[in-house]
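> Could you have a look at this structure, given as structure tokens, before my questions?
Please treat every number below as a calculation from the coordinates, not as lab data. As the structure is a computational prediction, the values presented were derived from the model and not from experiment. All Cβ positions, even for glycine, are placed from backbone atoms using ideal geometry, and neighbour counts span all protein chains on display.
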Amino acid sequence: MTAPEVSAETLRQAGRAPALPFALALPTGGKLEFIRLLRLLPGKRLTGYALCDGQPVLAKLFIGEAARRRGQREGDGLAALSAAQLPTPTLRFAGAVGDDAYLVLCEFLDGATTLDQDTLSPLDPEPLLPVMALLGRLHAAGLTQRDPHPGNFLRHRGKVLLIDGDGIRPAASAATRMINLAALLAQLTPDWDAHRQRLLEAYGRAVDAAALEPLVAAARQRRLAHFLRKTVRDCSQFAVNQTFRRFTAVLRGALPDLQPVLHDLDAAMTAGKLLKAGNTCTVAAVDIGDRTIVIKRYNLKHWRHALSRLWRPSRAWHSWRAAHRLEYYGIATPRPLALIEERCGPLRRRAFLITEHCPGPNLLTALDPGAAPPPAIQHALRHLFATLCRFHTTHGDLKATNLLWHDGKILLIDLDALTTHCSPSTFTRAWQRDRARLMRNWPLESALARWLREALPG
């Protein structure tokens, strides 16, 4: 069956659901067939596996008003990498394919994988070392990558290659290169900081570590702020829909599984297993297919309570952002899957938060008051509270039932009151309250309480 030829305007109007396969006529007289999408920015760019006159290629098709400018920048960036003898997929073609479309074709590397946070672990820094070495070579060649995250490095047959020519820029100064290095390090969770020296050795260029640290911290804050904005707007990672009656934000990868429950959350909770029935919130575990999710509904107790919540972000909204903040810090929490607010125009009413279910026990049942925690839990507790204190973050209701032990990690739940403090003094006061609340779970002179007093930050 021959793939139908389409125009850039047709692809733009198709949004996130272009019909595959489709074909494009090339100015060289050949034909390109788009077979499978790998990445999509609606109305701007399609990246995928394609056949060019029967030969497999990686195709980037830029569409829209900025197509020519961005496409030329992609081709020029890949050419600059090749000229500097840096490993990158071979450029096959770059040129306009119509008035508002620009095509860049590279060799398709079968079996290649991108590096990202899901494939990298601070428990094993080895896979990141070639990335650091390649970034060092890029800087030595007088170039930087505008967005140097691990996903812009490709691993193929034991080699690491640079991709995303659109982001390649000249490095005007040593300061520019230092900021670019900090931007890559800021992509990693704080757990990676223990490997900083080893990563810099792999980078292979002299670096002032003391001057680098504030640059990494600033880059992390910018990246966190940008990421939190993305959690409530439609993008490749989150599906967001807003009507007069409802606001919905869903982790896009979870959307197919959640569709059956999203249309009637109350019914789904009624059919599930009730975990908590309170005045202000109701929690239920719900089975969908072969997975279990937790739905938390934030109730309105009476008309005065309803009036007080109309103009404020809901507790579900706060918990949604707090959970993503913790994930960014590398702190475990049940994965946030969806946020739903019932609305009347700009006015908020009830709200729902959907997360993955964690089957692990809470610390009130997992720990013996008559003994210090097992070594694994000791390590996890120290790590958790050291990270929270490092980022001046407090929980607000740190009772033992809000800390779950599962798969070698402590997971924080019930994040309604989680706060990141701008002032060290307000953080210190709030942390002392958190610490005291945790200690009240066990007898003051128990072995467990004595260990906590010695082990937790003061």
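> What dipole magnitude, in Debye to the nearest 20, does region 363-455 give about its Cα centre under +1 on Lys/Arg Cβ and -1 on Asp/Glu Cβ? Could the numbers behind the result be given before it?
On the way: 11 positive and 8 negative charges, 60 e Å.
That gives a dipole near 280 debye.
> Ile288 versus Ala96, label points 7 Å from Cα toward the beta carbon: distance in nm?
4.6
> Same structure again: At a 10 Å Cβ-Cβ cut-off, how would you order Phe62, Phe427, fewest neighbours first?
Ordered by Cβ neighbours within 10 Å, fewest first: Phe427, Phe62.
> Short version: what are the Cα gyration tensor semi-axes of region 355-451, square root of 5 times each eigenvalue, largest first, in whole Å?
Numbers: eigenvalues 93, 57, 29 Å².
Values for region 355-451, descending: 22, 17, 12 Å.
> Just how large is the dipole of region 238-356 about the Cα centre, in debye to the nearest 20, putting +1 at every Lys and Arg Cβ and -1 at every Asp and Glu Cβ?
Roughly 680 debye, rounded to the nearest 20.
> Give me the lysines in straight-line cross-link reach of Lys296: C-alpha distance below 20 Å, same-chain residues under 8 apart excluded.
Lys273, Lys276, Lys399
> Could you please rank Asp368, Asp100, placing first whichever residue has the fewest other Cβ atoms within 10 Å of its Cβ?
The order, fewest Cβ neighbours first, is Asp368, Asp100.
> For the chain, what are the per-bin percents of Cα-Cα distances with bins 10 Å wide, up to the bin holding the maximum?
4, 17, 23, 24, 19, 10, 3, 0, 0
> Please give me, ordered by residue number, the GluC sites (Glu not before Pro) of region 16-96 that lie in loop per DSSP and have at most 15 other Cβ atoms within 10 Å. Walk me through the numbers on the way to the answer.
Values: sites: Glu33, Glu65, Glu74; in loops: Glu65.
Sparse-neighbourhood loop GluC sites (Glu not before Pro): Glu65.
> To continue, here is another question. If the only charges are +1 at each Lys and Arg Cβ and -1 at each Asp and Glu Cβ, what is the size of the charge dipole of the chain around the Cα centre, to the nearest 20 debye?
It comes to approximately 1660 debye.
> Report the Cα-based extents of region 36-195 along its three principal axes, largest first, to the nearest Å.
On the principal axes, region 36-195 reaches 50, 35, 30 Å in Cα extent.
> So what's Rg/Rh here for region 113-230, counting alpha carbon atoms and using the Kirkwood radius for Rh? Mind dumping the intermediate values first?
Working: Rg = 13.4 Å, Rh = 14.4 Å.
Dividing the radius of gyration by the Kirkwood radius yields 0.93.
> Still on this structure: Answer with one residue from Leu363, Leu258, Gly165: the one whose Cα lies farthest towards the positive end of the charge dipole of the chain, charges on Cβ with Lys, Arg +1 and Asp, Glu -1.
Result: Leu363, furthest along the dipole toward the positive end.
> Specify whether the C-alpha gyration tensor of region 79-170 places it in the rounded, prolate or oblate class, a ≥ b ≥ c being the square roots of the eigenvalues: rounded for a/c under 1.5, otherwise prolate if a/b is larger than b/c and oblate if not.
Taking the square roots of the gyration eigenvalues as a ≥ b ≥ c, region 79-170 is prolate.
> Follow-up question, since we're still on this one. Would you mind ranking Met132, Met439 so that the residue whose beta carbon has the fewest other beta carbons within 10 Å leads the list?
Ranked by crowding around the Cβ, least crowded first: Met439, Met132.
> Once you place label points 7 Å from the Cα toward the Cβ at Leu275 and Arg312, how far apart are they in nm?
Inter-label distance under the simple model: 2.4 nm.
> Report, in whole Å, the centroid distance computed from the Cα atoms of region 373-422 and region 272-294.
If we compute the Cα centre of each part, the gap is 22 Å.
> Now for a different question. Which three numbers, in whole Å and largest first, are the semi-axes of the equivalent ellipsoid of region 191-236 derived from its Cα gyration tensor as √(5λ)?
So the three semi-axes of region 191-236 are 29, 12, 9 Å.
> Further, regarding this structure: Subtract the Cα-Cα distance of Glu445 and Ala217 from 0.36 nm times their separation in residues, and report this length gain in nm to one decimal.
Taking Glu445 through Ala217 to full extension adds about 78.1 nm, to one decimal.
> Considering only Gly43, Ala372, Gly77, whose Cα is most displaced toward the positive end of the charge dipole of the chain, charges sitting on Cβ of Lys, Arg (+1) and Asp, Glu (-1)?
Among Gly43, Ala372, Gly77, the one farthest towards the positive end of the dipole of the chain is Ala372.
> In region 363-455, with Lys and Arg counted as +1 and Asp and Glu as -1 at Cβ, which of these residues, Leu448, Thr420, Ala400, has the Cα nearest the positive end of the dipole, that is, farthest along it?
The listed residue farthest towards the positive side: Thr420.
> For the pair Asp266/Ala84, report the inter-label distance in nm, with labels modelled 7 Å from Cα in the Cβ direction.
Simple spin-label model gives 5.9 nm for this pair.
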